[in-house]
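First comes the structure, then the notes that go with it.
The values are calculated or read from the model by the stated rules, or taken from the named source; none is laboratory data. This is a predicted model, so every value here is computed, not measured. Note that each Cβ is placed from the backbone with ideal geometry, even for glycine, and that neighbours are counted across all protein chains shown. For accessibility, only protein heavy atoms count, side chains too; no ligands or nucleic acids. Shrake-Rupley method; radii C 1.70, N 1.55, O 1.52, S 1.80 Å.
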Amino acid sequence: MKHAFNLTGKVAVVTGGTRGIGQGIALGLADAGANIVLLQRSTDTNTQEKIKRLGVRCEIVQCDLENLDEVKQAIPKAIEAMGSVDILVNNAGIQRRSPAVDFSEQDWDDVLTVNLKSVWLLCQQAGRHMLEKNSGKIINIASLVSFQGGVYVPAYASAKGAVGQLTKALANEWSSKGINVNAIVPGYIATEMNTALIEDPVRSRQILERIPTGRWGNPEDFKGPAVFLASDASNYVHGHLLAVDGGWLGR
C-alpha cells in the first residue's frame, strides 16, 4: 500500500497554491514525492520554498486565471518546465457575495471565468497531454454549493455546480483511456475566502453548530484526500465528488 500512495517522479500542476486549501494540497502531494508546478498570479515564493524543503522540484508558472490567453498557455509551459504533467489540481477560485437582485454582471463574469472557464480550459489542455500517454489524474475542487445553493453566492454556486458536472462528464469520456477525473468537495474551511463568515458571529455560530465534527476544517485536512485521488490507490475511482466537510452533507 505504501507504493500505491507514492507519487515519486510524478509532476503535479496546482492552481491557487499560495495559501489555504491549495497550499495544503501542494504540500501534501510534494510530501508524497511529487514535483510541483504552481500556477499563480503573484510572485510569492512562500509555498515554493516550503515544497523545496521537502526535497522535490517546484517551479512557478505565472498565470492570471482571469486572463484566458495566459490560461491557454499554462499547461504547455508546465510541460516545458518539467517535461510532463501527470496530475492537475484545479483549486484556485474567487468569491463575490451579494443578494441576487443586486449581483452585478461584472461579478458574475469574473466568478464564472475563474471558477469554471479556466477550470475547463486547464482540464482540456491537460487532457490532451494525458490522452497521449494514456494516464493522468485530474482533481477539481468543487464545493458544498455543488449540492446546495448557498446564500448570496449565485455565481459561485452556479460555477461550482458546473464543476461537479464537468468532473463527471470528463470522467465518462476519459476513464477508459487511463485518466481519472474526480473532485474534492470542501466544507466550511477556515481560509481567507471565508473571512466574512468567520467574522460574522451569528452566521459563524450557525455553521459550527451544523458541522458534526464541531470544528471548521483547515488546509491540512486536504493532504490525504488529494494524495489518494492523485495516486494509484484511486485507479478505479472515476467521476466521484469526495466530500471533506466534517460530516456536513451527511447530517
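Only residues that are in contact (Cβ under 8 Å) with a residue 40 or more places away in the chain and in a helix (DSSP H, G or I): list them for the stretch 102-111, please.
The answer is D107, W108, D110, V111.
I'm told R205 meets every condition in (1) within 23 Å of the chain's Cα centre (by Cα); (2) over 25 Å from I94 (Cβ atoms); (3) at pLDDT below 95 except one. Can you identify the failing condition by its number?
It is condition (1) that R205 fails.
Return yes or no: is N67 touching a Gly at 6+ places or on another chain (Cβ under 7 Å) and within 21 Å of L116 (Cβ to Cβ)?
no
Can you tell me how many residues in the stretch 207-229 are of a type outside the set (G, A, S) and surrounded by fewer than 17 Cβ atoms within 10 Å (Cβ to Cβ)?
So the count comes out to 8.
Scan the stretch 209-251 for residues that are in contact (Cβ under 8 Å) with a residue 12 or more places away in the chain, farther than 17 Å from G28 by Cβ and in a helix (DSSP H, G or I) and report the count.
The qualifying residues number 4.
Could you list all residues from the stretch 171-190 that are open to solvent by less than 10 Å² (accessible area, probe 1.4 Å) and part of a helix (DSSP H, G or I)?
A171
State all residues of the stretch 2-55 that are on the phi > 0 side of the Ramachandran plot and part of a loop (DSSP other than H, G, I, E, B); if no residue qualifies, say none.
Across the stretch 2-55, the qualifying residues are G9, G16, G33, G55.
Every residue in the stretch 58-101 that is under 14 Å from V37 (Cα atoms), in contact (Cβ under 8 Å) with a residue 40 or more places away in the chain, of a type outside the set (A, V, I, L, M) and outside any loop (DSSP other than H, G, I, E, B), please.
P76, N90, listed by residue number.
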